[in-house]
Amino acid sequence: MSGPRCPQCAQPWVSPRLLPCLHSLCDPCLRRLGSLEGQPGGAAARPVLCPVCDAEVSLPPGGVGQLTPDCLAVSRGGAAAGCDLCADGAAAGRCLTCGVRLCLFCCRAHRRQKKTASHAVTELENTEDCSQAGKLLLCPSHPTEELRLFCEQCDQPVCRDCILGRHRQHPYDFTGNVIHRHGDALRKLLKNTQQHMGILEDVLSQIDDMGSAVRSRAEAVATEICLFASGYVRAIEEHRDRLLKQLEDLKVQKENLLHLQKAQLQQLLLDMRTGVEFTEHLLMSGSDLEILITKGVVTNRLTKLNSVPYNTYPGVDDKIQFSPQERAGQCCGYEVFGAVLNKVVDPARCTLHGEDIHSARQNQLMGFTLLCNDTTGERMGQGGEAVRVTITHKDKKDCAVKPTVCDNGDGTYRVSYSPEEPGLYAVCVCVKGQHVQGSPFTLMVKHKFLEHQGVFHCCTFCSSGGQKAARCACGGTMPGGYQGCGHGHKGHPGCHHWSCCGQVKESSECLGGPPTDTSLRSLLRTVAL
């Protein structure tokens, strides 16, 4: 008999059941599947390999018998359903009373027999609701009872006797009342999966385009190399062959990376397409019970596929260049030029240099140097990298310093800045959007240094007879009265001269001796305030 068959044994279906990857196998084939580790299944779920897609799936703790039955295996794949009575012809109609599919001959016989003459037989293509075209499904625990109810707590179809037994006091409803809610959830999940498929197809198209670009660029570089090498004789020809070999290796490396990414995305797309085709067929051709029976494994599979991460851009670029001015050393005793450039800056190997990059002075021009290196730690030797520097005040979110980045053209970049506000700053230095070595780091900006322009206040204070209102030549007043010089007298020829600006000028001619620690600390606190 022709028709749908098990993909493993190529025999007609025998109790087909669904694996978590949405591929179906007949019951005997499933029982012959070995465990992935070669161990017999126990109480816990054991992994097996699906013979269709080689995906690792887990059998339920109860074994093959606990897998979801595939109610649509016979009708899937475009094959017409067979007659339920004679099993010889394709189903052409369905008895609405008996719920069986009938071929054309059996339809006529069904109408002629006395017992079934009153039954309503309709053609399948005229059935308005295709989801109702399936056979009646009986409860596996109560073979005489039809599955008409759905247990909300256990999330499975049940019969009337199940509700009176194991599912007593569980919330339930008729399958016709819950199919819309569960079907809508499946359709929403299906829509999300289809969106991912569109993205994957676009990425695969980009990968194909990038592969063509890599090959085209490689061919163009090969042409440049040949034109450059044509001016030399034996040495240049040998140098040319060497360069072409390097280019070929680089092209193969990039193509291999693209092929690997493409294979991974194609497999993911194939898995999603399988899931989408199965779900679409389930929603279009399955009965309410069939949808409810299968929805659990379908939901798990589509959810798992939708959660698989993937890169939406090709994993490599087409940055292959030929530099005819690059020194290539000696070849057959001749100095040759020309090299294939594929240096890529590595932000993790880029370093910062400067005398003191962690401190600065207010309103003073400061800076440091960024040295860019490639993945091997060697200096890039050329500029043009995307360098971004941000300097932000940690306490004042709206306070930031706008730095200047100067490309020196040799792989180094000079960063200059002039902070206007004192305080603690966070400095971020990024190359190609990634932090370099030592970034981010903190920068402490101190108050600017005020140069005293007048006579030191202590002499003014002492010569005024100790008046607190005495003013310094700079225009400031000396805080703290007699604490100006740290001594208890009013006048003397010299002392430690404290100014209102916080500077000190030392003189060894102070008749009162050095100032006391207490008076100095008091004066410093006053000046700081």
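Enumerate the calculated ³J(HN,Hα) couplings along the range 335-349 in order (Karplus 6.51 cos²θ - 1.76 cosθ + 1.60, θ = phi - 60°), each rounded to whole Hz, writing x wherever the residue is Gly or Pro.
7, 10, 10, x, 8, 7, 9, 9, 5, 10, 5, 10, x, 5, 9
Name the residues whose placed amide hydrogens come within less than 5 Å of the amide hydrogen of GLY338, ignoring near sequence neighbours (fewer than 5 apart) on the same chain.
Here GLU326, ARG327, ALA328 satisfy the definition.
To make sure I understand the rule: partners must be aspartates and glutamates, Cα under 13 Å from the Cα of LYS251, and not fewer than 8 residues away in the same chain. Which ones qualify?
Reachable aspartates and glutamates: GLU219, ASP317, ASP318.
Report the accessible area of GLU224, computed with a 1.4 Å probe over the heavy atoms of all protein chains in place, in Å² rounded to the nearest 10.
70
Determine the share of the range 347-446's accessible area contributed by carbon and sulfur atoms, expressed in whole percent, with a 1.4 angstrom probe. Don't jump to the answer; show the numbers that get you there.
On the way: 2510 of 5330 Å².
The value for the range 347-446 is 47 percent carbon and sulfur by accessible area.
Using the Karplus curve 6.51 cos²θ - 1.76 cosθ + 1.60 with θ = phi - 60°, what ³J(HN,Hα) values do you get for each residue of the range 355-366, in whole Hz, with x for Gly and Pro?
5, 8, 7, 9, 9, 7, 10, 4, 6, 10, 6, 10
Quick one: which residues, 5 or more positions from LEU85 or on another chain, have an amide H under 5 Å from its amide H? H modelled 1.01 Å from N in the peptide plane, none for Pro or chain starts.
CYS103
Just by accessible area at a 1.4 angstrom probe, what is the order of VAL344, VAL48 from largest to smallest?
Solvent-accessible surface, decreasing: VAL344, VAL48.
Write down the accessible area per residue of the range 177-306 in Å², having rolled a 1.4 Å probe over the full set of protein chains. Display every interim value, and only then the final one.
Numbers: 6650 Å² over 130 residues.
Here the per-residue accessible area is 51 Å².
Please list, or write none, the lysines whose alpha carbon is within less than 26 Å of the alpha carbon of LYS304, excluding same-chain residues fewer than 8 places away.
Partners found: LYS188, LYS191, LYS262, LYS295.
Restricting to Cα pairs below 8 Å that are 6+ residues apart, what does the relative contact order work out to for the range 177-306? Please round to a whole percent.
46
The values are calculated or read from the model by the stated rules, or taken from the named source; none is laboratory data. Model, not experiment: these values are computed from the prediction. The protein model used for the area step is the full one, side chains on, heavy atoms only, and it has no ligands, DNA or RNA in it. Shrake-Rupley method; radii C 1.70, N 1.55, O 1.52, S 1.80 Å.
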